[in-house]
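Supplied in structure tokens, the structure appears directly below.
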């Protein structure tokens, strides 16, 4: 399932992200990208405490999303804030891996996959 999420995520980064804009104009999918950023932040924290040994994998995925989208100004700030919100929200709740944390990981992967599929279906060329 994780491989599927990553494959879909890679597809969205490659196909669905709009080209760089001269102005800092909100894209119609910014809300979904911000939610995806929040999911990546949550996964970065949760997978770390649950012993996945993935290192900075989810932070790197977030960086790839930013690099592909090339947001500037407020858009960039909002995307980074979403990642940090996801990370900090779970950091305040979980100090160790629990059954609830593993459920949250599964749900976040499912939600991230859905967002990726939906964005790809709607905005891929």
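Coordinate-derived values only; no laboratory data. Everything numeric here is computed off the predicted structure, so don't read it as measured data. Positions of Cβ are generated from backbone atoms using ideal geometry, with glycine treated the same way; all protein chains shown enter the neighbour counts.
Which numbered condition in (1) within 13 Å of residue 38 (Cα to Cα); (2) surrounded by 13 or more Cβ atoms within 10 Å (Cβ to Cβ) is the only one that residue 77 fails?
Exception for residue 77: condition (2).
Is it true that residue 105 is surrounded by 13 or more Cβ atoms within 10 Å (Cβ to Cβ), under 13 Å from residue 48 (Cα atoms), touching a residue at least 24 places away in the same chain (Cβ under 8 Å) and under 13 Å from the mean Cα position of the chain (by Cα)? So that I can check it myself, show each step before the final result.
On the way: surrounded by 13 or more Cβ atoms within 10 Å (Cβ to Cβ): yes; under 13 Å from residue 48 (Cα atoms): yes; touching a residue at least 24 places away in the same chain (Cβ under 8 Å): yes; under 13 Å from the mean Cα position of the chain (by Cα): yes.
For residue 105, the condition - surrounded by 13 or more Cβ atoms within 10 Å (Cβ to Cβ), under 13 Å from residue 48 (Cα atoms), touching a residue at least 24 places away in the same chain (Cβ under 8 Å) and under 13 Å from the mean Cα position of the chain (by Cα) - is met.
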